[in-house]
């Protein structure tokens, strides 16, 4: 499996790997060819790893159950999600705030310590923070317009990510970023991002592994949010040509991935060439 590299690197051996889930390991929760075997190889080699995902429709426990059921040797402790990172962010930066969540899927189990209010309560007593999760059927005009009004009144805008689209078995679907851009423009604010591409998200994952950015590698299918964002955080970035990968998106990107491989199945061979822990 060949890879393209941005420039000769003076980095040492790879001592930790961060891995996106959707589009890298699975599509619509079905394993991509060779992904399970590649993960088993990383485990056998003793490579420290963490799954870092902007998935907002399922909790860490449910994601772990789905992946384990598909054959991946992972557990909930291996997974860092955008909702879990959002909970930590809200506890630290907006403690006790009344948070109006717009999200498709139930992730309240991963939002411990966050005071959530529903639409009726938000209209009655106000919302301090509007939180956008993953796009879907709950991203109605009514819900987004309510969010717009609360932000106009001074509520902070927090988004779990700004992905524009994601890959399903039926093709590409619009994601939160497509709606967030309009909301930011209309309300004249900039959202606080808690998942990828936030540098704090990568830092939290590396902290779990006790790894430094210079010794770590990030594997993703989103050239901007996964790969270039990780590179800006000091990690080596690896782009896979599965999931939401689009050649035109890579050409239009603000930078160049350190490595490009056909799929996650090719990661063990890349690690062999780079040197692994």
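Every read-out reported here was derived from the displayed coordinates using simple, explicitly stated rules and does not represent laboratory data. Keep in mind it's a predicted model, so treat the numbers as computed, not measured. Here Cβ is always computed from backbone atoms with ideal geometry, including for glycine, and neighbour counts include all displayed protein chains.
Using alpha carbons only, how many degrees (0 to 90, rounded to 10) separate the axis of helix 199-209 from the longest principal axis of the chain? The angle comes out near 50 degrees. Only helical runs count toward this figure. For the chain, summing -39,500 (n - 2.57) over DSSP H runs of n ≥ 4 and dividing by all residues gives -9500 deg cm²/dmol at 222 nm.
Comparing 238, 120, 223 in a Gaussian network model of the chain (Cα springs below 10 Å), the most mobile by mean-square fluctuation is 120.
Taking the inverse of the mean 1/r over every pair of distinct Cα atoms in segment 17-65 gives a Kirkwood hydrodynamic radius of 11.5 Å. In degrees from 0 to 90, rounded to the nearest 10, what is the angle of the helix 35-44 Cα long axis to the longest principal axis of the chain? Result, in degrees: 70. Counting every C-alpha pair in segment 43-89, the share spaced more than 17 angstrom apart comes to 34%.
Only Cα sites of segment 63-179 enter the Debye sum here, all with the same form factor; the resulting log10 I(q)/I(0) across q = 0.12, 0.15 1/Å is -0.48, -0.72, listed in q order.
When Rg and the Kirkwood radius Rh are both evaluated on Cα atoms of the chain, their ratio Rg/Rh stands at 0.98. Shape analysis of segment 1-116 based on the Cα gyration tensor places the equivalent ellipsoid semi-axes at 30, 19, 13 Å, largest first.
As a rough guide to protection, the peptides 175-182, 246-253, 150-157 ranked by mean Cβ packing within 10 Å, highest first, stand as 175-182, 150-157, 246-253.
Looking at segment 90-242, I'd like the Rg to Rh ratio, where Rg is from alpha-carbon atoms and Rh is Kirkwood's inverse mean 1/r.
That ratio is 0.99, to two decimals.
Taken over segment 195-276, the percentage of Cα pairs per 5 Å bin, counting from 0 up to the bin with the maximum distance, is 3, 16, 27, 24, 20, 9, 1, 0. Note on the chain: GNM, Cα springs under 10 Å; of 162, 15, 115, the largest mean-square fluctuation is that of 115. The stretch between residue 272 and residue 141 holds 42.2 nm of extra length on full extension. This uses 0.36 nm per residue minus the Cα-Cα distance. Comparing 60, 188, 41 in a Gaussian network model of the chain (Cα springs below 10 Å), the most mobile by mean-square fluctuation is 188. Between segment 218-277 and segment 134-196, the alpha-carbon centres lie 25 Å apart.
Once Rh is set to the Kirkwood radius over Cα pairs, what Stokes-Einstein translational diffusion coefficient, in µm²/s, holds for segment 161-204 at a temperature of 37 °C and a viscosity of 0.692 mPa s? My calculation gives 283 µm²/s for D.
Apply the Kirkwood formula to segment 93-147: the hydrodynamic radius equals the inverse of the mean of 1/r over all pairs of different alpha-carbon atoms; give it in Å with one decimal.
11.6
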